[in-house]
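*Asks:* Got a structure for you, written out below as structure tokens; questions coming shortly.
The values are calculated or read from the model by the stated rules, or taken from the named source; none is laboratory data. These numbers were taken from a predicted model, which means no experiment stands behind them. Note that we place each Cβ from the backbone using ideal geometry, even for glycine, and neighbour counts take in every protein chain shown. SASA here: full protein model, heavy atoms, side chains in, ligands and nucleic acids out. Shrake-Rupley method; radii C 1.70, N 1.55, O 1.52, S 1.80 Å.
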Amino acid sequence: MEENKNEPGPSKSQESKPTIEEDNDSDAEKNSTHSSDEEESDPTSGFSMEQIRKWLQEKLHVGSCVQSDSDQRHPLILNEFTMDGVVEYIKEGRAKNIITMAGAGISTSAGIPDFRSPTSGIYANLGKFNLPNPMAIFDIRYFEENPKPFFVLAKELYPKSFNPTPCHYFIKLLHDKGLLLRHYTQNIDTLERVAGLPANKLVEAHGSFHTGTCLKCKKEYTQEWMKTEIFSDKVPQCTSCDGGVVKPNIIFFGENLPGRFFNCVREDFSKCDLLIIMGTSLQVQPFASLVERVSDDCPRVLINRDKAGGGLATLSNILGLGGGGPGLLYDKKGNYRDVFLQGYTDDLSIEIVEKLGWTEDHQKISQVKYEP
Ligand code: CNA
């Protein structure tokens, strides 16, 4: 745990060698390794928001970037901060470049557990592995030393069938309607592909199980091959070099995100006119900080069972080391653009689709499955 702290200055995880990366990322981006906010200590705890703000203003002269709860400079972007307000915004044709961001919560109804749900989540069910901490199972340094627990878990969690949920088809429908600029997913289950979302509309920020790579010689393997190995209770080993471990191309904690993630973020977020965030606790960086990348007048809608993404992030985030900022405003006095729709992503997607008058189209595409 101690080693993973994302403190000012290069952490061990930031020094770790990127294995999936493209050339033209900025240094800051290269240092943005996949990390969880749970790994950080929060030096701001025990202080009031006002004290923190004041301290930042005095010491760092960054007060102007931190929005106060009572800051009402912005005109209201939505007529109401409800589902109806969002639907009206879309119906008025004001959302032509929608970005959707998703996490494990959109796939729980497909039978794939998320990380942090209290009893059903993966972290709550790792006791038998004797891990130093729950996140170790997805930590690249731990995997390099001991890949077995990851593959045992991968077998246990392997979806019995790849059935996308109504929420996946809602995202596909936004694309069919010509409104989707891009879908950013933290999920590694490939269900967006199965729902038919074209690869160019998809950013798999944490990679996917779609392919695997030998850690030694970099030979690529298919999902089918890996599945056979995993189901034979083996640690998949390369057939062409001296037994390198074949790791699914998912991004572990301590690894860099794919270059495509940074390139698309740079290209997309300033154009976004509606951000829809679904089924995520917004605790994993740098993905979580994407909510700060849209323009000030872009409405942001969180569809989730639990509240997430509100409040000031940790000090290291404020200092630009792990993303951050004031977060979503739905619970704050000065809110002028954010909506929290609490509930299940499937139910709420279906309701939005109904209100938009798209139910028939949604039902039609929900019958179709594509090869991942
Ligand atoms: P998380 O931290 O487990 O959070 C999931 C969030 O979704 C929580 O806030 C839940 O309350 C909420 N939630 C769960 N089910 C529903 C539902 N049906 N409707 C509405 N809300 C729901 O997971 P995150 O995605 O935020 O964390 C990012 C991790 C999870 C990434 O690194 C992923 O690779 C990783 N992950 C992916 C999968 C997958 O591919 N399906 C599964 C498990 C973990």
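*Asks:* With all protein chains present and a 1.4 Å probe, how do 92, 255 order by accessible area, largest first?
*Replies:* Ranked from most to least accessible, the order is 92, 255.
*Asks:* Same structure again: When only the heavy atoms of the protein chains count and the probe is 1.4 Å, how do 229, 354 rank by accessible area, highest first?
*Replies:* 354, 229
*Asks:* Could you work out the relative contact order of segment 189-237, using alpha carbon pairs under 8 angstrom and six or more residues apart, expressed as a whole percent?
*Replies:* Across segment 189-237, relative contact order equals 23 percent.
*Asks:* Grab the other residues whose beta carbon is less than 14 angstrom from that of residue 306, score K and R as +1, D and E as -1, and report the net.
*Replies:* With Lys, Arg at +1 and Asp, Glu at -1, the neighbours total +1.
*Asks:* Right, here's the next one. Find out how many positive minus negative residues lie around residue 95, taking Lys and Arg as positive, Asp and Glu as negative, among other residues whose Cβ is under 13 Å from that of residue 95. Don't jump to the answer; show the numbers that get you there.
*Replies:* Working: positive: 91, 94, 96, 177, 271, 300, 337; negative: 88, 92, 273, 297.
My count for the surroundings of residue 95 gives +3.
*Asks:* Roll a 1.4 angstrom probe over the protein heavy atoms and tell me the percent of accessible area of segment 233-372 that is carbon or sulfur.
*Replies:* Ligands and nucleic acids excluded, carbon and sulfur reach 46 percent.
*Asks:* While we're here: If DNA, RNA and ligands are ignored and the probe is 1.4 Å, what is the ranking of 184, 344 by accessible area, most exposed first?
*Replies:* The most accessible residue leads, giving 344, 184.
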